[in-house]
Amino acid sequence: MLIIFYQNILSIHQSAFIRNIAEKHDVTLVVQEKIEEPRKKHGWTVHDFGKTKIVVNPDDAVLNSFLEQKDAIHVFSGIDSFPLPAKAFKIAVKNRLKMGIYSEPFNWLGWKGKLRFLKYVLLNWKYGRHLDFILAVGNRGRWCYEKTGFPKEKIFDWGYFTEMPQHDTIQYGANEILNILFIGSIDTRKNILVLVDVCLSLTDSNPFVLNIIGTGHLENELREKIKTTDRINYIGSVPNNKIPEYLVKSDLLILPSVFDGWGAVVNEALMCGTPVIASENCGSSVLLKDGRGRVFSVKENNLEQILCEFLQELPYGEKKRNETRNWANENISGKAAAEYFEDIMSYTFNKRNKRPGASWID
């Protein structure tokens, strides 16, 4: 296959998948820029995309040369999420190319969510018939596209896929007290201050330390909340390639987001054998079954209850953590994602196999 991806940046959450696709197929990745400045502040670097041909910020002539290739499969990051992919998408529609999108669910919460719902109804009316496939990210991705009228038969469950930790063997931390970890932006959407309040409210009968990695506009409020406790440590920014070192030494990751289209840090944790508690509004919460973690409800405000219950099951031993790592390698690795993508393309364009389903969903 000849495949051309159109994205905003060289994402660390795309490299494993695209690199594995490029091992067997002719793959080009067209991006607006290498990495956005805010991402750099969060420790992002450019990962290995293998044999993929990478084109950064092409001029109109170069972009149009890709969009004239009718034998290629063109894959866009959303419909109008970013300037370059949106521009390319409209040209692809005009040229009647073989095309599809991968997209997170829109934020359906509040009155703005209702407006977004109407927006996607209009996008379906305008573009739905031109799409050959939709890779819908997260536990609400399919819901968002089906409810706004996109054809159900074109929608496939999808996710993000991170790199496996580069260790032949992983030495898990042996902690006298439990180590809990948060990784993400220090902002309202990630719900970090609520997590801090929950942890501060728990008694010494639940011995643990919460370590917080990330930067954001709520840093001063965070520092003020934790200045008198030794139960919570604010670490700040950590380069992405160092994150596995923290995950393997932690007993639990918590992602308490009010809304997260996916939440790739959940993948990273599971690949290190670390269980996760995430909100039901995180797309990657769909991964947390069979002992890999728990899901709480932001609406029901039951994070404290779920956390207290789960702390009684920790720490996981090496056997259970290795089982989680093996599951992640088989189901959410770049190789597994590439094979699933091939099955989707074969089904969509050749009808040579039965309709494929995501292996991480029952």
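Readers should treat all values here as calculations from the given coordinates under stated rules, not as data from a laboratory. Every value quoted in this text rests on a predicted model; they were computed, and no experiment measured them. Using ideal geometry, Cβ is built from the backbone for each residue, glycine included, and neighbour counts are taken over all protein chains shown.
Just a few scattered comments:
- Rough spin-label spacing in nm, given labels placed 7 Å along Cα→Cβ, for residue 93 and residue 289: 3.5
- Of the cross-linked pairs 227/319; 53/98; 299/319; 119/190; 51/242; 152/319, those separated by over 28 Å at the C-alpha level are 227/319; 299/319; 152/319.
- The calculated P(r) of the range 178-329, using every Cα pair and 5 Å bins from 0, goes 2, 10, 21, 24, 23, 15, 5, 1, 0 in percent.
- Listed residues 176, 146, 304, most fluctuating in the chain (Gaussian network, C-alpha, under 10 Å): 176
- Between the C-alpha center of the range 197-276 and that of the range 308-349 there is a gap of 21 Å.
- Springs between Cα atoms under 10 Å define the GNM used for the chain, and in it the highest mean-square fluctuation of 329, 124, 220 occurs at 220.
- Here residue 305 and residue 119 are evaluated by their C-beta separation; at R0 = 35 Å the FRET efficiency comes out at 0.45.
- The fewest-to-most ranking of 187, 26, 71 by surrounding Cβ atoms within 10 Å reads 71, 26, 187.
- Taking every Cα-Cα distance in the range 83-225 and sorting them into 5 Å bins starting at zero, the pair-distance distribution P(r) comes out as 2, 7, 12, 13, 13, 12, 11, 11, 8, 6, 3, 1, 0 percent.
- Within a Gaussian network of the chain (alpha carbon springs, distance under 10 Å), most fluctuating of 122, 287, 135: 122
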